[in-house]
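The values are calculated or read from the model by the stated rules, or taken from the named source; none is laboratory data. Predicted, not measured: the structure shown is a model, and the values here were computed from it. Counting neighbours? That spans all protein chains shown, and the Cβs are built from the backbone with ideal geometry, glycine included. Accessible surface areas use protein heavy atoms only, side chains included; no ligands, DNA or RNA. Shrake-Rupley method; radii C 1.70, N 1.55, O 1.52, S 1.80 Å.
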Amino acid sequence: MNRYPRRIRAILAGRIILDTTRALYVWEWPNYPQYYIPFTDVNTEYLIDEQHQQRLKRGSAQRYGLVVGDVARPKAARVYTESNVEALTGTARFEWDSLDGWFEEDEEVFVHPRNPYTRVDALRSTRQVRIELDGTVLADSSSPVMVFETGLPTRYYFNRTEVNFDNLVPTDTVTSCPYKGMTSGYWSVRVGDALHPDLAWAYDFPTRQLLPIAGLISFYNEKVDVVVDGVLLPRPTTHFFK
């Protein structure tokens, strides 16, 4: 746990629910930190006391909902009235999805706070990379962008002109990443009579750190064959496919 130096804000239905430069960065589980907000930096106009006291691992907390106009989010926050961790007393912990948007300074943050120990780099390359599935070539490039993210396999991003769209079927899937932003497109892959759901995606408007991947398409290398400079790579195992 440490004090987070950036300004943190969150909104619901166009209203600012919290605004602080004194957030605590708390690791509730490995890899995924959470913000704890001083209660004095929360706009209590929109809080509804649900009259529910909780005894939690970190202490005693009062549960609150949020109401902004016609928008209601029950069980949105818990406020620690007493904690065995002194710094948490008088802080509020909001459920991430109870709010419409979270911001660090003026940049939107998705899914959860970014882990300062996770690094994500998007690097242009001239290595030859080919994506195949059941013998069908899905993408082939000598100018891919490689994304290196702590704890995940290298992802390979392709120009759309290098992707075989004859085998791609668009879907309505949308996912978010705290480091890359929100996807703008997802595709399943059809090979023969088999349809493999949601194997490819794109970020048309990624975060500024990942601008090199804007508009490019990548594939889950857990489910396809990746050949780099003529060498077939083993398929990795990740939490995305167990």
(message) From Cα pairs below 8 angstrom and at least 6 apart in sequence, can you work out the relative contact order of segment 145-242, rounded to a whole percent?
(response) 22 percent
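Please compute the per residue accessible area over segment 170-242 with all protein chains in place, 1.4 Å probe, rounded to a whole number of Å².
51 Å²
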(message) Quick check: pseudo-label points 7 Å beyond the Cα along Cα→Cβ at V71 and S125, how many nm apart are they?
(response) 4.1 nm
(request) Just reorder L211, L216 by solvent-accessible area, largest first, 1.4 Å probe, all chains present. (result) L211, L216
(message) Can you tell me, using C-alpha contacts under 8 Å and at least 6 residues apart, the relative contact order of segment 1-114 as a whole percent?
(response) 25 percent
(request) Compute the signed sum of charges (Lys and Arg +1, Asp and Glu -1) over the other residues within less than 10 Å, Cβ to Cβ, of A77. (result) +3
(request) State the percentage of accessible surface on segment 1-116 attributable to carbon and sulfur atoms; use a 1.4 Å probe and exclude ligands, DNA and RNA. (result) 47 percent
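Relative contact order for the chain: what percent, with Cα pairs under 8 Å and sequence separation of 6 or more?
Relative contact order here is 13 percent.
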(message) About the Cα centre, and with charges only on the beta carbon of Lys, Arg (+1) and Asp, Glu (-1), how big is the dipole of segment 151-242? Nearest 20 debye, please.
(response) 320 debye
